[in-house]
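What follows is a set of notes on a single structure, which appears directly below.
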Amino acid sequence: LLPRLCSLRPSLAMSSVTGTFTSTQPLNYRAGARVQPVDGGQAEEVYEPATGRVICKLLSSGQKEVDLAVQSAKAAFKIWSQMSGMERSRVLLEAARIIREQRDEIATLETINNGKSIFEARVDIDISWQCLEYYAGLAGSLAGEHIQLPGGSFGYTRREPLGVCAGIGAWNYPFQTACWKCAPALACGNAMVFKPSPFTPLTVVRLAEIFTEAGVPKGLFNVVQGGAATGQLLCHHPDVAKISFTGSVPTGSKIMEMAAKGIKPVTLELGGKSPLIIFSDCDMENAINGALMANFLTQGEVCCNGTRVFVERKILDAFTKEVVKRTQKIKIGDPLLEDTRMGALINRPHLDRVQGFIKQAKEQGAEILCGGDLYVPDDPKLKNGYYMRPCVLGKCKDDMTCVKEEIFGPVMSILPFDTEEEVLERANNTKFGLAGGVFTRDIQKAHRVVAALKAGMCFINNYNVSPVELPFGGYKQSGFGRENGRAAMEHYTQLKTVCVEMGNVESVF
């Protein structure tokens, strides 16, 4: 595999062994090629979470580089926006085919840079190419409507692209988040400048290369690297028509302020502290699987995780006992090994932050039922990685910090409840509203409960299932606008109304 990669795709050539990958390639992408930023700041080190090794150095993009990327996208937009939906569809389908063909290679790079298990990373890449296929299928169906008016006059509407859109991604799903944002944007005829998290800069550049290979106009999808300063330059740029952001509530609030100065539409996919409600009439095995899926995917670093697990009191002990038993069996370690199910957290500061939440929970009266401590794998090359044992907290109360605030790590809080009315009031008592779930055999109760939940994405007898066909987004401080589904296309087009008079104008003057 390696010789073939070196000859065909030097930028992707790597060893599939943890602790051996290093990249020296430029991480910006502009006008169809990897480039160093023309005004890059001081180089920052990027780490491999599994080992703590430096795998590359990141040059942040300044004002000149951001402007060059936007102007490149603007030029490509003039070509792309004039193509038919079917023409754009064929290019997106080709990009999806390339991603599908290179699935394992991209997933390996994602795992090295992000720390999640290779098993999960492959699923992320599958969702990514499926997203491109889905919007390729919709690209040719973008249409307005015809309205008949009196006297033979008529009107019609046009769905038109916005122009250059800015995408700002998160580090927990780097490649997938980029696809969720760019697929509907490109399908609607827009161009995009994307800024990934500075913690995970690698795979989005590969996505940009794939789009060029697939045949998009050079510059249609550009990548600028950097932190908050680069993001601010992108948001303030006068030629950026829309901003789509995934990340924290405080950063989302700042982006909304910046967008307001330019009257730019925004899509904000922010944090969550979602409730997972387990009724006593549930299928217990399924509910336990759901609770594990709702808390421990990607080391718990998932915005829609159901981390407030409300369990009906009559099954509390049995449910808790089995969840703890299953949690203790989760295989932690080298994320590139096939049997690993939990890899490393993104970096040392984040690991310390999660540990701080657990310490505070204990001080406030919660009981650590399992995990919560640092984990040091036997493999010596992993000793400096950012690992911890998944944690289950019992004796939790609604006013505890661990129950109120987003931890963004593998920490489950279990809370008992007695009645449906009570649990709904407690579940909705949060500033967040991204997701929610319910496990019950009573289908009427299930629909009644999700109808009452103030959350944008609800699950019945499953959790963390996000097909690209369904819109994804939150209520309240979890943001607004939607990723995925047909709804996303509305956020990447603007509506033009045309009124056609078939007679003479009747003047009132």
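Worth pointing out:
- Test result for residue 54, open to solvent by 70 Å² or more (accessible area, probe 1.4 Å), more than 19 Å from residue 211 (Cβ to Cβ) and of a type in the set (Val, Ile, Thr): no
- Filter result (over 23 Å from residue 493 (Cα atoms) and hydrophobic (A, V, I, L, M, F, W, C)) within the stretch 161-175: 170, 171, 175
- Once the stretch 404-416 is narrowed to residues that are farther than 22 Å from residue 346 by Cα and not basic (Lys, Arg), the residue that is surrounded by the fewest Cβ atoms within 10 Å (Cβ to Cβ) is 416.
- Of the helices (runs of 4 or more DSSP H) lying entirely inside the stretch 226-303, the ones with 3 or more residues being open to solvent by less than 10 Å² (accessible area, probe 1.4 Å), closer than 26 Å to residue 419 by Cβ and at pLDDT 95 or above are found at 284-296.
- Assessment of the stretch 418-434 against the conditions (of a type in the set (A, V, I, L, M, F, W, C), in contact with a Gly (Cβ under 8 Å, 6 or more places away or on another chain) and assigned to a strand (DSSP E or B)) yields no matching residue.
- Among the residues of the stretch 73-115, those identified as in contact (Cβ under 8 Å) with a residue 60 or more places away in the chain and under 30 Å from residue 409 (Cβ atoms) are 99, 105, 106, 108, 109, 110, 111, 112, 113, 114, 115.
- Taken across the stretch 349-366, residues that are out of contact with any Lys or Arg (no Cβ under 6 Å at 6 or more places or on another chain), in a loop (DSSP other than H, G, I, E, B) and open to solvent by less than 30 Å² (accessible area, probe 1.4 Å) do not occur at all.
- Of everything listed in (1) more than 16 Å from residue 278 (Cβ to Cβ); (2) within 22 Å of the chain's Cα centre (by Cα); (3) free of Cβ contacts under 8 Å to residues at least 60 places away in the same chain, the single unmet condition for residue 460 is (1).
- Candidates 99, 127 - the one that is closer than 27 Å to residue 50 by Cβ and open to solvent by less than 10 Å² (accessible area, probe 1.4 Å): 99
- Residue ID - most open to solvent (accessible area, probe 1.4 Å), chosen from residues in the stretch 380-403 that are under 17 Å from residue 116 (Cα atoms) and part of a loop (DSSP other than H, G, I, E, B): 383
- Residue that is under 19 Å from residue 32 (Cβ atoms), in contact with a Leu (Cβ under 8 Å, 6 or more places away or on another chain) and of a type in the set (Ser, Thr, Tyr), where the choices are 212, 157, 203: 203
- Cross-chain or 6+ apart pairs with Cβ under 8 Å, the stretch 481-509 first and assigned to a loop (DSSP other than H, G, I, E, B), then surrounded by 11 or more Cβ atoms within 10 Å (Cβ to Cβ) and β-branched (Val, Ile, Thr): 481/266; 481/267; 482/267; 484/468; 485/468; 491/267
- Check on residue 401, of a type in the set (Val, Ile, Thr), at pLDDT 95 or above and in contact with a helix residue (DSSP H, G or I) (Cβ under 7 Å, 6 or more places away or on another chain): yes
- For the stretch 185-223, filtered to residues that are within 20 Å of residue 346 (Cβ to Cβ), part of a loop (DSSP other than H, G, I, E, B) and of a type outside the set (A, V, I, L, M, F, W, C), the residue that is most open to solvent (accessible area, probe 1.4 Å) is 198.
- Any hit, the stretch 66-85, residues being of a type in the set (S, T, N, Q) and open to solvent by less than 10 Å² (accessible area, probe 1.4 Å): no
- The lone criterion from (1) farther than 25 Å from residue 88 by Cα; (2) surrounded by 24 or more Cβ atoms within 10 Å (Cβ to Cβ); (3) out of contact with any Ser or Thr (no Cβ under 7 Å at 6 or more places or on another chain) left unmet by residue 182 is number (1).
- Filter pass, residue 154 being touching a residue at least 24 places away in the same chain (Cβ under 8 Å), farther than 23 Å from residue 470 by Cβ and in the same structural domain as residue 214 (by the TED database): yes
- Of all residues making up the stretch 478-499, the number that are acidic (Asp, Glu) and open to solvent by less than 30 Å² (accessible area, probe 1.4 Å): 1
The values are calculated or read from the model by the stated rules, or taken from the named source; none is laboratory data. Since the model is a prediction, treat every value here as computed from it, not as a measurement. Glycine gets a Cβ as well: all are built from the backbone with ideal geometry, and neighbour counts include every protein chain shown. SASA here: full protein model, heavy atoms, side chains in, ligands and nucleic acids out. Shrake-Rupley method; radii C 1.70, N 1.55, O 1.52, S 1.80 Å.
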